[in-house]
Amino acid sequence: MIEGITALYIFMLAAFTGYEVISRVPVILHTPLMSGSNFIHGIVLVGAMVAMGHAHTPLELIIGFIGVMLAAGNAVGGYVVTERMLEMFKSSKENG
Amino acid sequence: MDTMIEISYFIAAILFIIGLRRMSSPVTAHGGIVWAGVGMLVATLITFFYPGMENYLLMTVAIAIGGGLAFWSGKTVAMTNMPQMIALYNGMGGGAAGAIAAVELLRGEFHSSVFLALALLGALIGSISFSGSLVAFAKLQGWVRRPLRFPGQQYFNIGIFLVAVALGGQLLVSHDFSGAVILGFFVLALAYGIFMALPIGGADMPVVISLFNALTGLAVAFEGFVLGNAAMIIAGTVVGSAGTLLTQLMARAMNRSIGNVLFSSFGASGAAGGEESVEGSMKPIEAADAGIMMAYAKKVIIVPGYGMAVAQAQHKIKELMTQLLARGIEVKFAIHPVAGRMPGHMNVLLAEADVPYDRLYDLDEINAEFAQADVALVIGANDVVNPMARSNPDSPIYGMPILNADQAQNVIVIKRGQGKGFSGVENGLFFADNTRMLYGDGQAMVGELIQAIKTL
């Protein structure tokens, strides 16, 4: 478990990191950036797995199942479309 | 094993940040998503070894179903439909965060009120992002055609939101996790997401999609606190802050605040204020003449908009570019930040058609160059080239940064019909003396332009 103030530090530093990393992204990459970050919050899959793994009642299990399914969709779908889009970006030289 | 898990999450978090960093340049961007993908794989696999877990079989089935469907849809979706696909995946993430919170609430084993509050906050945001993204998906897919608006809508929405928050507060104070209150809380949060997204028009979608993206990130971070999972906290927060920044950029490109996008009915006010008189008339042109005009130009700037996506004209545009380049003409593309239905929509479509990214220019880079351009070809763009945003303080879009296409020697506008744009605002550009209108389907008209240039 991560306790109170440590968690707050992590939160603050991560927020600054996100802001700094993104502030330099050129406009042409806004879509891959958005879908890339969309992919990254697919990490929710990890949490959904833990929640489902610790489910005891049938209701908890059903909700956990839905959660894992949605999260896996977020992660896999986010990766596939981002990869497809970035694959297409080529400069004049690469186009020959 | 606990240490192994912690270390793996730590590595995953590092890989996410490096990956996102690499996405900030077109050269390294593709590598960036692969790095982040490795991070995701590491984190997911190690989670199977999490202590005290059960239900492995069902868990694997759930991953296979969700991942399989998303893999298939992600591989097959057309580039023009990318905005709704991203909205959908984003909504799924929000829904997952909500589901985590629901399981935790039903179990009701919260050590402190702080964790409970965070779980509720994440549940609220995640649920809103889930249902709101689904509405955005339905709109972009064309299932919901018109923004739904009714009198007192804002008060109605705020009412729903406040009741949802009140139920959350009830859970927080009483620690009584009865099914009814939890159910009511989630139903109202989901309803708020729907009603919040319903009145928002198509042209505002870039702002809305990136906002929901940021919200899902935050929801994931909050649930990460509840589960004590550092990878979720870091990844979620990074996405939350990055998404907030992107949302601000989008809103600024429309000269509106985020609140204004979400809570005002732009189209309605635009129609009421759209009675301003426009000097001159729209002057049509034949494709053959427009082709000649472009063939003998020195410099052509192409301004694409959402209409290009609708007409699927990006491949024809690439062909036109090739023809013009072969004649030694300088060709550049001017991209407005909010052209299309998601941030960077035009760039993706043009990249799909193999237009090199070093020919795409942002608002600030290209605006000074229009004055030296012989021809500006506007295809499917409307509000982003409306000079009234500069000149007419009464116009609803006054103050919005626009592409100064009107400053080119000649302007050719490819447009389906004579109607107004999304905002219902007359476009002064269409009536300007140096503008000629080429009426017809974008793809067909660009095809005719190519033919005209070829025959010269």
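What do you reckon, is B:Met342 outside any strand (DSSP E or B), within 24 Å of B:Arg436 (Cβ to Cβ) and of a type outside the set (Gly, Ala, Ser)?
Answer is no for this residue.
How many residues are in contact with an Asp or Glu (Cβ under 8 Å, 6 or more places away or on another chain) and at pLDDT 90 or above if we restrict to the stretch A:10-43?
Selection size over the stretch A:10-43: 0.
Can you pull out every residue in the stretch B:323-363 that is hydrophobic (A, V, I, L, M, F, W, C), within 16 Å of the chain's Cα centre (by Cα) and under 16 Å from A:Leu86 (Cα atoms)?
B:Met342, B:Met346, B:Val348, B:Leu349 - these are the residues of the stretch B:323-363 that are hydrophobic (A, V, I, L, M, F, W, C), within 16 Å of the chain's Cα centre (by Cα) and under 16 Å from A:Leu86 (Cα atoms).
Identify, from the list B:Ala70, B:Ala78, B:Ala36, the residue that is of a type in the set (Gly, Ala, Ser), closer than 28 Å to B:Ala351 by Cα and more than 7 Å from every other protein chain (Cβ to nearest Cβ).
Unique residue meeting the criteria: B:Ala78.
Give the residue, chosen from B:Met254, B:Met232, that is modelled with pLDDT under 85 and crowded, with 22+ Cβ neighbours inside 10 Å.
One residue alone meets the criteria, B:Met254.
From the residues in the stretch A:22-39 that are in contact (Cβ under 8 Å) with a residue 24 or more places away in the chain and among the polar types (S, T, N, Q), which one is nearest to A:Glu83 (Cα to Cα)?
Looking at residues that are in contact (Cβ under 8 Å) with a residue 24 or more places away in the chain and among the polar types (S, T, N, Q), I get A:Ser35.
Could we say that B:Asp362 is in contact with a Ser or Thr (Cβ under 8 Å, 6 or more places away or on another chain) and of a type outside the set (S, T, N, Q) here?
So B:Asp362 fails the test.
Sort out which residues of the stretch B:418-443 are open to solvent by 30 Å² or more (accessible area, probe 1.4 Å) and free of Cβ contacts under 8 Å to residues at least 60 places away in the same chain, and write them in order of number.
B:Gly419, B:Asn434
Looking only at the stretch B:150-171, decide whether some residue is of a type in the set (Phe, Trp, Tyr) and within 14 Å of chain A (Cβ to nearest Cβ).
Within the stretch B:150-171 (the criterion being of a type in the set (Phe, Trp, Tyr) and within 14 Å of chain A (Cβ to nearest Cβ)), the answer is no, since none of the residues qualifies.
For the stretch B:354-376, what are the residues that are within 8 Å of chain A (Cβ to nearest Cβ) and in contact with a strand residue (DSSP E or B) (Cβ under 6 Å, 6 or more places away or on another chain)?
Result: B:Arg359, B:Leu360.
So how many residues does the stretch B:352-382 have that are open to solvent by less than 50 Å² (accessible area, probe 1.4 Å), over 23 Å from B:Val310 (Cα atoms) and part of a helix (DSSP H, G or I)?
Matching residues across the stretch B:352-382 total 4.
Among the residues of the stretch B:9-33, write down those that are open to solvent by less than 10 Å² (accessible area, probe 1.4 Å) and either more than 10 Å from chain A (Cβ to nearest Cβ) or part of a loop (DSSP other than H, G, I, E, B) (or both).
Answer for the stretch B:9-33, where residues must be open to solvent by less than 10 Å² (accessible area, probe 1.4 Å) and either more than 10 Å from chain A (Cβ to nearest Cβ) or part of a loop (DSSP other than H, G, I, E, B) (or both): just B:Met23.
Say whether the condition of being outside any helix (DSSP H, G or I) and charged (D, E, K, R) is met by at least one residue in the stretch A:11-26.
Yes: one or more hits.
Pick from B:Gly98, B:Gly93: which is under 27 Å from the mean Cα position of the chain (by Cα), open to solvent by less than 40 Å² (accessible area, probe 1.4 Å) and over 20 Å from A:Gly36 (Cβ atoms)?
So the residue among B:Gly98, B:Gly93 that is under 27 Å from the mean Cα position of the chain (by Cα), open to solvent by less than 40 Å² (accessible area, probe 1.4 Å) and over 20 Å from A:Gly36 (Cβ atoms) is B:Gly98.
Look through B:Ile397, B:Ile414 and report the one residue that is more than 27 Å from A:Pro32 (Cα to Cα) and assigned to a strand (DSSP E or B).
When all the criteria are applied, what remains is B:Ile414.
Could you say whether any residue in the stretch B:41-60 is more than 9 Å from every other protein chain (Cβ to nearest Cβ), open to solvent by 50 Å² or more (accessible area, probe 1.4 Å), in a loop (DSSP other than H, G, I, E, B) and not polar (S, T, N, Q)?
The answer is yes, given that some residue of the stretch B:41-60 is more than 9 Å from every other protein chain (Cβ to nearest Cβ), open to solvent by 50 Å² or more (accessible area, probe 1.4 Å), in a loop (DSSP other than H, G, I, E, B) and not polar (S, T, N, Q).
A quick yes/no check of all residues on (1) more than 7 Å from every other protein chain (Cβ to nearest Cβ); (2) touching a residue at least 12 places away in the same chain (Cβ under 8 Å); (3) closer than 25 Å to B:Ala230 by Cα:
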| residue | (1), (2), (3) |
| --- | --- |
| A:His41 | no, yes, yes |
| A:Ala48 | no, yes, yes |
| A:Ala51 | no, yes, yes |
| A:His56 | yes, no, yes |
| A:Gly78 | no, yes, yes |
| A:Thr82 | no, yes, yes |
| A:Lys90 | no, no, no |
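Would you say A:Val21 is farther than 28 Å from A:Ile66 by Cα and at the interface with chain B (Cβ under 7 Å from one of its Cβ atoms)?
yes
Check B:Leu198, B:Leu215, B:Leu249, B:Leu262 and return the single one that is open to solvent by 20 Å² or more (accessible area, probe 1.4 Å), modelled with pLDDT of 90 or more and either over 14 Å from the mean Cα position of the chain (by Cα) or under 30 Å from A:Leu13 (Cα atoms) (or both).
B:Leu215
The values are calculated or read from the model by the stated rules, or taken from the named source; none is laboratory data. Computed from a predicted structure; not experimentally measured. Please note: Cβ atoms are built from the backbone with ideal geometry, for glycine as well, and neighbour counts cover all protein chains shown. Keep in mind that these areas ignore ligands, DNA and RNA; they rest on the heavy atoms of the full protein, side chains included. Shrake-Rupley method; radii C 1.70, N 1.55, O 1.52, S 1.80 Å.
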